[in-house]
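Student: First the structure, which I've put down as structure tokens, then a few questions once you've had a look.
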Amino acid sequence: MADEGTTGARAIGGASGERTTKSVTTPFSDELIESLHAGDRLLISGTIYTGRDAAHKRLVALVDKGEPLPIDIRGQVIYFVGPTPAKPGQVIGSAGPTTSGRMDAYSPQLLDLGLKGMIGKGSRNDAVKEALKRDKAVYLGATGGAGALLSQRIVAAKVVAYEDLGPEAIRELEVKDFPVVVINDMYGGDLYVEGRKEYERKVDP
């Protein structure tokens with residue numbers, strides 16, 4: 001297995017100023033998080049976990065009661081997804097991202113416990129963004145509507161907690177070159193905000 005939080009970078013274009021795609025492995029280290037900025041493209045390999053609002057609600061309830069979580073989230077990445085059932089011969093069904101705002105009420109507490117990355121779609125609230133800065137973590141975007149393609153980057157999957165939740169059970173996924181982009185970094189960078197500003201500069205007469 002690769003060293004914790006290792007990275008490799010390759011250019012995605014030759015023009016000056018174009019970003020590179022970084023190959024990274026889980027778990028994420030503070031050093032890796034410090035090297036990431038909004039707009040960076042990543043290919044994640046290693047173990048990540050799934051979880052949507054039903055699972056998050058249960059996790060935070062355990063935190064509030066001072067009880068241990070069913071998984072160790074320190075340094076880990078949670079993918080907001082409820083995959084469809086796998087067809088014969090498949091590791092997993094379609095696995096596109098869930099709207100991340102549904103997890104906003106729960107994410108700060110998990111980040112405080114050492115969660116380092118979250119994958120979803122859509123923007124996050126101010127409390128989550130502040131937690132990313134405070135706890136050195138990142139919010140990553142996956143392409144919505146591309147669940148079938150994303151599932152091809154998942155090489156193994158198994159339920160590890162809350163099996164009764166069905167598609168929303170917590171699963172441990174092994175991924176290979178899973179493509180994401182950094183939306184919010186630990187420095188307050190926000191790709192959605194920066195993208196709007198760039199667009200406004202281009203269209204402003």
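Student: Specify which of the listed residues (Tyr139, Tyr162) is modelled with pLDDT of 95 or more, under 14 Å from the mean Cα position of the chain (by Cα), more than 15 Å from Val91 (Cα to Cα) and surrounded by 15 or more Cβ atoms within 10 Å (Cβ to Cβ).
Tutor: Tyr139
Student: So, one more: Mind listing just one residue for me: the one in the range 74-101 that is of a type in the set (Val, Ile, Thr) and buried (at least 22 other Cβ atoms within 10 Å of the Cβ) and, of those, nearest to Leu32 (Cα to Cα)? Step through it out loud before you land on a result.
Tutor: Applying the first criterion (of a type in the set (Val, Ile, Thr)) to the range 74-101 yields 77-78, 81, 84, 91-92, 98-99.
Filter once more, keeping what is buried (at least 22 other Cβ atoms within 10 Å of the Cβ): 77-78, 81, 92, 98.
Working: Val77: 13, Ile78: 17, Val81: 24, Ile92: 29, Thr98: 25 Å.
In this case the residue turns out to be Val77.
Student: Would you point out which residue out of Ala157, Ala148 is at pLDDT below 95 and of a type in the set (A, V, I, L, M, F, W, C)?
Tutor: Step by step, each of Ala157, Ala148 is checked, and only Ala148 is at pLDDT below 95 and of a type in the set (A, V, I, L, M, F, W, C).
Student: Looking at the range 27-42, is at least one residue among the basic types (Lys, Arg), surrounded by fewer than 22 Cβ atoms within 10 Å (Cβ to Cβ) and touching a Lys or Arg at 6+ places or on another chain (Cβ under 7 Å)?
Tutor: Looking for residues that are among the basic types (Lys, Arg), surrounded by fewer than 22 Cβ atoms within 10 Å (Cβ to Cβ) and touching a Lys or Arg at 6+ places or on another chain (Cβ under 7 Å), one finds at least one in the range 27-42, hence yes.
Student: Identify, please: which residue in the range 96-146 is part of a loop (DSSP other than H, G, I, E, B) and of a type in the set (Ser, Thr, Tyr) and is, among those, farthest from Val182 (Cα to Cα)?
Tutor: First, pick out the residues of the range 96-146 that are part of a loop (DSSP other than H, G, I, E, B): 96-98, 104-106, 113-116, 122-125, 136-137, 142-146.
If we keep only those that are of a type in the set (Ser, Thr, Tyr) too, we end up with 98, 106, 123, 143.
Details: Thr98: 16, Tyr106: 20, Ser123: 12, Thr143: 12 Å.
Ranking the candidates gives Tyr106 first.
Student: State whether the residues of the range 55-73 include one that is crowded, with 19+ Cβ neighbours inside 10 Å, under 12 Å from the mean Cα position of the chain (by Cα), among the small types (Gly, Ala, Ser) and not in a strand (DSSP E or B).
Tutor: no
Student: I need a count of the residues in the range 147-189 that are part of a strand (DSSP E or B) and of a type in the set (Phe, Trp, Tyr). Full working, then the answer.
Tutor: So in the range 147-189, the residues part of a strand (DSSP E or B) come out as 154-161, 170-184.
Next, only the ones that are of a type in the set (Phe, Trp, Tyr) stay: 178.
Selection size over the range 147-189: 1.
The values are calculated or read from the model by the stated rules, or taken from the named source; none is laboratory data. A quick note: this is a predicted structure, and the numbers were derived from the prediction, not measured. Positions of Cβ are generated from backbone atoms using ideal geometry, with glycine treated the same way; all protein chains shown enter the neighbour counts.
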